[in-house]
Amino acid sequence: MHATVTTTTAPPDLPLDVATMSGEEMLPWLRGIEGFHGLVMLTNEMDKTTLVVTFWESREVAEEHRAARARFRERITETVEVQVEGATDYAVTFAALDPFRVPPTA
């Protein structure tokens, strides 16, 4: 299993639910990619940083779709005026997540 972690920062006045909406927009597109295994978005409300973690069958699968993912990420971030700080690849060496969906924040 492989993960890519993309770090973004948002303008101070951008509401937290924009991250939720972005994730909801990305998920159907990502699910259409063979070898995609999941998406987690973690947002720090204080500094407006979001970690976007995508999970892939392998490093090779993630790499194969890197250019298309970058174009899609660029469209999403431009739409919501978010700055991409970087993207880093990781080997998933341990994971224990029960199936869950975090409800949108009010």
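The values are calculated or read from the model by the stated rules, or taken from the named source; none is laboratory data. Values in this document were obtained by computation on a predicted structure and should not be read as measured data. Every residue, glycine among them, receives a Cβ derived from its backbone with ideal geometry; neighbour counts consider all protein chains shown. Heads up: the accessible areas ignore ligands, DNA and RNA and are worked out on the full protein's heavy atoms, side chains in. Shrake-Rupley method; radii C 1.70, N 1.55, O 1.52, S 1.80 Å.
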Would you confirm whether any residue within segment 8-31 is in contact with a strand residue (DSSP E or B) (Cβ under 8 Å, 6 or more places away or on another chain), modelled with pLDDT of 90 or more, open to solvent by 50 Å² or more (accessible area, probe 1.4 Å) and more than 15 Å from residue 77 (Cβ to Cβ)?
no
Conditions (1) more than 19 Å from residue 25 (Cα to Cα); (2) touching a His at 6+ places or on another chain (Cβ under 6 Å); (3) of a type in the set (Phe, Trp, Tyr): number failed by residue 55:
(1)
List every residue pair whose Cβ atoms sit under 7 Å apart, with the two residues 6 or more apart in sequence or on different chains, where the first one lies in segment 85-101 and is over 21 Å from residue 57 (Cβ atoms) and the second, anywhere, is surrounded by 10 or more Cβ atoms within 10 Å (Cβ to Cβ) and modelled with pLDDT of 85 or more.
85/7; 85/8; 85/9; 86/7
Given the residues 61, 40, 80, which is the only one that is touching an Asp or Glu at 6+ places or on another chain (Cβ under 8 Å) and either among the small types (Gly, Ala, Ser) or surrounded by 14 or more Cβ atoms within 10 Å (Cβ to Cβ) (or both)?
61
Looking at (1) open to solvent by 100 Å² or more (accessible area, probe 1.4 Å); (2) touching a His at 6+ places or on another chain (Cβ under 8 Å), which is the one condition that is false for residue 92?
(1)
